[in-house]
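Computed from the coordinates by the stated procedures, all read-outs in this text should not be read as laboratory data. Source: prediction; values computed, not measured. All Cβ positions, even for glycine, are placed from backbone atoms using ideal geometry, and neighbour counts span all protein chains on display.
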Amino acid sequence: MRERKKVKIYKTTILFIILDLIAAWCFFMMYGPWDKIRNMYVNTAMKTMHHQYFANIFYNQKTIDKIMASNYFISFEEDADTDAIVIDTKEKSKYKDKYEEELYTRENPDDDYKVIDLKVGNSNGYLVAIYKPEKVRLISTKEFNVGGKGERITTMCERYGGSVCINGGGFQDSGYGSDIPTGVVIQDGEITWGADTVDTARDNIIGLTKDGKLKLMTNATANEALKANINDAMVFGPFLIVNGKPLEIVGDPWGYAPRVAIGQTKSGIILFLVVDGENYINGASLQDMVDILTRYGAYNAANLDGGQSSSLSINGKLYNNPPAAAKRQGGRYVVTGWGLIK
């Protein structure tokens, strides 16, 4: 009996020592000399929709504000010049580097797309090169603002007859999702959301022309987008690359998270980029996204809704590995996306 009691005391002591070590480690990491870790933690937490309290656990509001003020990006003030895009997605006889060769070469010259698997830190990434940009279209949930919660990208993609699809713009979300987009939605040349503010609401518009050119418009209205020959459009950001120039980023403004982006090379190849992440601890930074897209020749590119929403559907199946909560339901319910339509 006495021996059993000694064992119990021993185990309890060990448990408390372990807990003390964990607490000390957390304290050291959060308040130690590593600004990068602190900045990453705060910026990642504060850019989530529902987990900002993680930052408040360790830091007061004054410290949080100071960290966020020292990590930022300078938004573009120019629109993408689609005249610079000359569509020619055929394989080349000579390549400037291994990334260009990887992007253009394919098993069959008639392939519509190719998936390039990436490693982004400890996270997996997926770059889809689409060789027929004119077949890329905006996809959306069946109806907006009817009290629903949108659709999974796999479902949406199948309904549109798509072979490859990613999620797109944001939506109003109080924690349970919704079917209400944030910002204008244009589909097949028609304004399907935001018709009451076509000349007043200004946003960063991510659009595609009918011939498959990615058009990024800064601070534009829906009617201005239509006048610019945009056929499909949604709102999100920031723009990552405009006319070959990368986004100017200071520090680490948005931390690390699952991320999604759309881009296009000067030769017209559309790029879908998705990076996995879990629990807002790992994934990609905005700088990672810029670097990858630049490496593979993007001339224009924009950030799309990430986090739990991150979804890549290929041939009816979820190809990426979204955060656990989204994965359990086969991908998060969203309202818009981009798809390669067969």
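Taking θ as phi - 60° and the Karplus parameters 6.51, -1.76 and 1.60, the scalar couplings of the range 291-308 work out to 5, 5, 5, 5, 4, 9, x, 5, 9, 9, 6, 9, 6, 10, 4, x, x, 4 Hz in sequence order, x denoting glycine and proline.
The phi torsions of the range 319-335, fed into the Karplus equation with coefficients 6.51, -1.76 and 1.60 and a -60° offset, translate into couplings of 8, 8, 10, x, x, 3, 4, 6, 5, 4, 9, x, x, 6, 7, 10, 10 Hz, rounded to whole numbers, with Gly and Pro shown as x. Think of the range 74-341 as a dipole: +1 on every Lys or Arg Cβ, -1 on every Asp or Glu Cβ, centred on the Cα centre; then among L127, N321, N204, N321 lies furthest on the positive end. Electrostatic bookkeeping for K142 treats Lys and Arg as +1 and Asp and Glu as -1; over the other residues with beta carbon under 9 Å from its beta carbon, the sum is -2.
Near G162, once Lys and Arg are set to +1 and Asp and Glu to -1 for all other residues with Cβ below 10 Å from its Cβ, the sum equals +3.
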